[in-house]
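Visitor: After the structure tokens below, expect a handful of questions from me.
Nothing in this text is a laboratory measurement; each read-out follows from the coordinates by a stated rule. Here the structure is a predicted model, which means the values were calculated and not measured. Ideal geometry is used to build each Cβ from the backbone, glycine not excepted, and the neighbour counts take in all protein chains shown.
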Amino acid sequence: MAYRIVVLPGDGIGHEIVPQALRVLERMARRHDVGVTLEHALVGGSAYDATGSPLPAATLAACKAADAVLLGAVGGPKWEGLDYSLRPERGLLGIRKELGLFANLRPAKIFPQLVGASSLKPEAVEGIDIMVVRELTGDIYFGEPRGVTGAGAGRVGVNTMVYTAPEIERIARKAFEVARTRGKKLCSVDKANVLECTELWRNVVNEVARDYPDVQLSHMYVDNAAMQLVRWPRQFDVMVTGNIFGDILSDEASMLTGSIGMLPSASLGEGHAMYEPIHGSAPDIAGKDLANPIATVMSVGMMFKYTFGRPEAEAEIEAAVSKVLDSGARTADIAAKGAPSIGCAEMGDRILAALG
Ligand code: IPM
Ligand code: MG
């Protein structure tokens, strides 16, 4: 019995970070006796160039048949002029939707070695360990109606924020379950003072909370949450929020840890999973061996935990990354100003060496 993994490097630095993560995947799979078969496929701009679609039918079919997907990143200036339906991002959003990956777990944990790399003061970020649980298949990302109509000064742009009660309930349950395995504190983020859709969100979260009396629930408006994240991030354990707020807050949370290049993610549904770094394709540094592979390497760690049920392998991967950071090795994004840095492939070499 082997797990079927579909590998989607995507665009830009995806082609540099994914190979490094695959080295870690193969090493750890052997060590922990986890059978894996890898299948490579196209997604995003590179898929559009090759097939005319950012999500070719063959890629989607492979993802549906797989136990897990490992994705690099999608997008780039080359494809920005395309119609929305053909943009690289549609490939990623299409996989999330078609596979029903409604729960996106984005841990923002700081390595003590990188406390100085954060743009916030060390005393503000020391010890932060936050899990952002982002709903991933609903909200304004997918709501109808959408689009731009009319012409000239009469043009109107519309997107629709929409959540059904069952959609809110399932992500809330997931977040409470996650909170139970951690510090048992859950903060639900909404904009219930203005948006009815998120008032429903708050009400449903409160209903679900009755089943989790052991978890301490709080609610916060999204503007305040954005402020609190930089003011006093240690107050947070698990945060749960909708798709658009989660997109924004998880980028913000990542900077607390020093670099967006450090943060992995797991997108989970019923029977499907995708693992990807939370950062984008970084066209400005693509092809230069400058990217930080750690977020993708740690996404493989999350695959061991959530798809293979081997949390000890995830812990080993994190320990190896920590050891490399202890040695002083840094990619450019996490290096101190003026300090030397190493490239993506060398960071991969160092992590492999630290895994032993
Ligand atoms: C993310 C990204 C995506 C999103 C883009 C690339 C569509 O920003 O995974 O956070 O908005 O969800
Ligand atoms: Mg984002």
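Visitor: In whole Å, what is the distance between the alpha-carbon centres of the range 254-330 and the range 96-110?
Guide: Value for the Cα centre distance between the two parts: 13 Å.
Visitor: Taking the Cβ of Met1 as the center, what net charge do the other residues with Cβ under 13 Å away carry, scoring Lys and Arg +1 and Asp and Glu -1?
Guide: With Lys, Arg at +1 and Asp, Glu at -1, the neighbours total -1.
Visitor: Can you put Leu101, Leu114 in order of Cβ neighbours within 10 angstrom, beginning with the fewest?
Guide: Ascending Cβ contact count within 10 Å gives the list Leu114, Leu101.
Visitor: Output ³J(HN,Hα) for the range 116-123: one whole-Hz value per residue in order, computed from phi by the Karplus curve 6.51 cos²θ - 1.76 cosθ + 1.60 with θ = phi - 60°, and x for Gly and Pro.
Guide: x, 7, 6, 7, 9, 5, x, 5
Visitor: Another question, if that's okay. Report the local net charge at Gly246: Lys and Arg +1, Asp and Glu -1, summed over other residues whose C-beta lies under 10 Å from its C-beta.
Guide: Spelling it out: positives minus negatives among the neighbours equals -2.
Visitor: At what distance in angstrom do the alpha carbon centres of the range 113-166 and the range 17-63 lie from each other?
Guide: 26
Visitor: How would you rank 102-109, 199-206, highest first, on the average number of other Cβ atoms within 10 Å across their residues?
Guide: Most protected by this proxy first, the peptides run 102-109, 199-206.
Visitor: Can you list the HN-Hα couplings for the range 40-57, worked out from phi with the Karplus curve (6.51, -1.76, 1.60; θ = phi - 60°), rounded to whole Hz and with x for Gly and Pro?
Guide: Result, rounded to whole Hz: 8, 8, 9, 8, x, x, 5, 5, 4, 4, 7, 10, x, 9, x, 9, x, 4.
Visitor: While we're looking at this one, here's another question. As a test, work out the antiparallel percent of DSSP beta bridges whose residues both lie in the range 121-259, rounded to the nearest 5.
Guide: 20
Visitor: Just flag the GluC sites (Glu not before Pro) in the range 255-339 sitting in loop per DSSP whose Cβ has no more than 16 other Cβ atoms within 10 Å.
Guide: Answer by residue number: Glu270.
Visitor: Now, a different point. Among 78-89, 58-69, how do they line up by average Cβ neighbours within 10 Å per residue, starting with the highest?
Guide: 58-69, 78-89
Visitor: Still on this structure, please answer the following. Within 10 Å, count the other beta carbons around each residue, average over each peptide in 125-138, 332-345, and list them highest first.
Guide: Highest-to-lowest ranking by the protection proxy: 125-138, 332-345.
Visitor: While we're on this one: Is it possible to state the helix-based mean residue ellipticity at 222 nm for the chain, with each DSSP H run of 4+ residues giving -39500 (n - 2.57), the sum divided by total residues, to the nearest 500 deg cm²/dmol? What is it?
Guide: Dividing the helical sum by the residues of the chain leaves -12500 deg cm²/dmol.
Visitor: Report the antiparallel proportion of the DSSP beta bridges in the chain as a percent, rounded to a multiple of 5.
Guide: Percentage antiparallel, nearest 5: 40.
Visitor: Whole-Hz ³J(HN,Hα) for each residue in the range 342-353, computed from phi via Karplus 6.51 cos²θ - 1.76 cosθ + 1.60 with θ = phi - 60°, x for glycine and proline: what do you get?
Guide: Whole-Hz 3J(HN,Hα) from phi for the range 342-353: 10, x, 5, 5, 5, 4, x, 4, 5, 5, 4, 5.
Visitor: Do the alpha carbons of any pairs in Lys109/Lys185; Lys109/Lys174; Lys78/Lys288; Lys184/Lys305; Lys78/Lys109 sit beyond 25 Å of each other, and which pairs?
Guide: Table pairs above 25 Å Cα-Cα are Lys78/Lys109.
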